[in-house]
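> Please find one structure pasted underneath; my questions will follow.
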Amino acid sequence: MSREKVLSLLRQGGYVSGEAMSQRLGISRAGVWKAIEGLRQEGYVIASAPNRGYRLEEAPDRLREGELSGSLAGALVGSKLLCLDCIDSTNTECKRQAMSGAPEGLVVTAEEQTGGRGRRGRGFQSPRGKGIYLSALFRPALELSQVSDFTAWVAVAVCDGIEACCHIRPQIKWTNDIVFQGKKLVGILTELGMESESGALDYMVAGIGINVNHGSKDFAPEIRDMAYSLAQILGRPVRRAELAAQVILALDRMYAGYPENKAEYLEKYRAGCVTTGRQVQLITPASRREAFAREIDDQFNLVVELPGGARETICAGEVSVRGMYGYV
Ligand code: BTN
């Protein structure tokens, strides 16, 4: 853990003396030196100068506590970080932590997921070191019926985080895929836990999978034409820790105003939604119907018009909506 704390101090920039680090972290000078050496062995380039101390010059692209914690000071979301190398699924781990009593604000990340999960029982490919696989734990004091729009708010927050880091604003395919030029960039899986006796909401886990530094070969052939990564869009790699920090900060801002700030999130959702104004297919296991997507109502539901002119309100999770042409 000293290594993460030393890294976090070095991340503040400039030279930091061994003595200052030792005092601030409450560890010995030898402990500081050991942490520096450990970081160097991991690929961090750390300059040292007599009487000045240590300065971080180059850092590998890692999602780890020492890279994130400095940017998240004071935020509830990310107030506890569990940055893992490899896990079955960060959502599953976050749920395990929730069931053992972890506080809200916990964020779990992983370099790789061996059993990444998507909606409707699908998998989510999570190649090592390429994407951001992140789950955040929330325990709002709300009824189950009051949180049905939470995933839509998360989608807006993720767009905010991507915009803050990468200066492009992706769009939202109702309800919660984030797309860019019609291809999927981010998947979101929100899961809930209930108290068994009372049936009250116990926790929510928002799981976010962002395609960051994937090249086309990092996507399986069957999704290659439908998926996009930020590196493909920008033509350069993106530092995942910087992006993860911006996404976590955007989630924190979102949650601080949930549900009072609805007008802001609804407006951003509507402005960024690519589903409205298009012909879509409403897909259930039993049927496939054509409709025209009219608007997003005040509950973030999708209002569609059927061929006869009748209107129907589609609630998240009821049906799958596919654009008729291409992915969106
Ligand atoms: C989807 O597109 O169907 C949702 C994909 C959600 C993937 C993320 S990656 C982090 C978190 N852990 C998981 O197992 N799933 C979510």
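Every residue, every condition in (1) among the aromatic types (Phe, Trp, Tyr); (2) more than 18 Å from the chain's Cα centre (by Cα); (3) not in a strand (DSSP E or B), yes or no:
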position: ASP85; (1), (2), (3): no, no, no
position: ARG96; (1), (2), (3): no, yes, yes
position: GLY115; (1), (2), (3): no, no, yes
position: VAL158; (1), (2), (3): no, no, yes
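> Now a separate question. So THR151 fits all but one of (1) of a type in the set (S, T, N, Q); (2) in contact (Cβ under 8 Å) with a residue 24 or more places away in the chain; (3) open to solvent by 10 Å² or more (accessible area, probe 1.4 Å); (4) not in a helix (DSSP H, G or I); what number is the exception?
Tallying (1) of a type in the set (S, T, N, Q); (2) in contact (Cβ under 8 Å) with a residue 24 or more places away in the chain; (3) open to solvent by 10 Å² or more (accessible area, probe 1.4 Å); (4) not in a helix (DSSP H, G or I), THR151 fails exactly one: (4).
> For residues in the stretch 113-143 being surrounded by fewer than 21 Cβ atoms within 10 Å (Cβ to Cβ) and away from the ligand (no atom under 11 Å from the Cβ), which is nearest to SER69 (Cα to Cα)?
Per the stated criteria, the residue is GLY129.
> Additional query: Hey, LEU243 hits all of (1) without any contact (Cβ under 8 Å) to a residue 60 or more places away in the chain; (2) out of contact with any Lys or Arg (no Cβ under 9 Å at 6 or more places or on another chain); (3) within 15 Å of the ligand (Cβ to nearest atom) but one; which does it fall short on?
Single failed check for LEU243: (1).
> In addition: Just to verify a result, which residue in the stretch 47-74, among those that are surrounded by fewer than 19 Cβ atoms within 10 Å (Cβ to Cβ) and of a type in the set (A, V, I, L, M), is farthest from SER2 (Cα to Cα)?
Checking each candidate, the answer is ALA49.
> Follow-up question, since we're still on this one. Of the residues LEU39, LEU25, which is within 17 Å of CYS83 (Cβ to Cβ) and buried (at least 17 other Cβ atoms within 10 Å of the Cβ)? I'd like the intermediate steps shown before the answer.
Numbers: LEU25 fails: within 17 Å of CYS83 (Cβ to Cβ).
Residue meeting the stated conditions: LEU39.
> If the requirement is being more than 26 Å from ASP85 (Cα to Cα), within 15 Å of the ligand (Cβ to nearest atom), open to solvent by less than 20 Å² (accessible area, probe 1.4 Å) and at pLDDT 95 or above, which of these qualifies: VAL179, VAL186?
Working: VAL186 fails: more than 26 Å from ASP85 (Cα to Cα).
From the options VAL179, VAL186, the qualifying one is VAL179.
For (1) buried (at least 22 other Cβ atoms within 10 Å of the Cβ); (2) in a strand (DSSP E or B); (3) not basic (Lys, Arg), each residue gets a yes or a no:
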{"site": "GLY193", "(1), (2), (3)": "no, yes, yes"}
{"site": "PRO237", "(1), (2), (3)": "no, no, yes"}
{"site": "GLN246", "(1), (2), (3)": "no, no, yes"}
{"site": "ARG253", "(1), (2), (3)": "no, no, no"}
{"site": "PRO259", "(1), (2), (3)": "no, no, yes"}
{"site": "ARG289", "(1), (2), (3)": "no, yes, no"}
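> Right, another one. Taking GLN146, is it of a type in the set (S, T, N, Q), farther than 21 Å from ILE178 by Cβ and either open to solvent by less than 20 Å² (accessible area, probe 1.4 Å) or more than 9 Å from the ligand (Cβ to nearest atom) (or both)?
Details: of a type in the set (S, T, N, Q): yes; farther than 21 Å from ILE178 by Cβ: yes; either open to solvent by less than 20 Å² (accessible area, probe 1.4 Å) or more than 9 Å from the ligand (Cβ to nearest atom) (or both): yes.
Yes.
> Conditions first: (1) within 13 Å of the ligand (Cβ to nearest atom); (2) outside any strand (DSSP E or B). ALA231 passes all but one, so which condition is the exception?
Only one criterion is unmet by ALA231, namely (1).
> For the stretch 210-224, what are the residues that are out of contact with any helix residue (DSSP H, G or I) (no Cβ under 9 Å at 6 or more places or on another chain) and within 16 Å of the ligand (Cβ to nearest atom)?
Here is the first cut: in the stretch 210-224, the residues out of contact with any helix residue (DSSP H, G or I) (no Cβ under 9 Å at 6 or more places or on another chain) are 217-223.
Matches in the stretch 210-224: ASP218, PHE219, ALA220, GLU222, ILE223.
> Picking from LEU63, LEU68, LEU39, LEU81, which residue would you name as being within 16 Å of the ligand (Cβ to nearest atom) and under 22 Å from ALA20 (Cβ atoms)?
Every option except LEU68 fails the conditions.
> Among the numbered criteria (1) modelled with pLDDT under 95; (2) out of contact with any Ser or Thr (no Cβ under 6 Å at 6 or more places or on another chain), which one does LEU76 miss?
Of (1) modelled with pLDDT under 95; (2) out of contact with any Ser or Thr (no Cβ under 6 Å at 6 or more places or on another chain), only one is false for LEU76: (1).
> Residue under question is ILE296, and the condition is that it be surrounded by fewer than 19 Cβ atoms within 10 Å (Cβ to Cβ), touching a residue at least 12 places away in the same chain (Cβ under 8 Å) and among the β-branched types (Val, Ile, Thr); does it hold? Lay out the reasoning, then the answer.
Values: surrounded by fewer than 19 Cβ atoms within 10 Å (Cβ to Cβ): no; touching a residue at least 12 places away in the same chain (Cβ under 8 Å): yes; among the β-branched types (Val, Ile, Thr): yes.
In short, no.
> Also, I was wondering about something else. Which condition number in (1) open to solvent by 60 Å² or more (accessible area, probe 1.4 Å); (2) touching a Pro at 6+ places or on another chain (Cβ under 7 Å) is the one that MET226 fails?
Unmet condition: (2).
The values are calculated or read from the model by the stated rules, or taken from the named source; none is laboratory data. Computed from a predicted model, the values in this text were never measured in an experiment. Cβ atoms come from the backbone with ideal geometry, glycine included; neighbour counts cover every protein chain shown. These area figures cover heavy atoms from the full protein model, side chains too; ligands, DNA and RNA do not enter into them. Shrake-Rupley method; radii C 1.70, N 1.55, O 1.52, S 1.80 Å.
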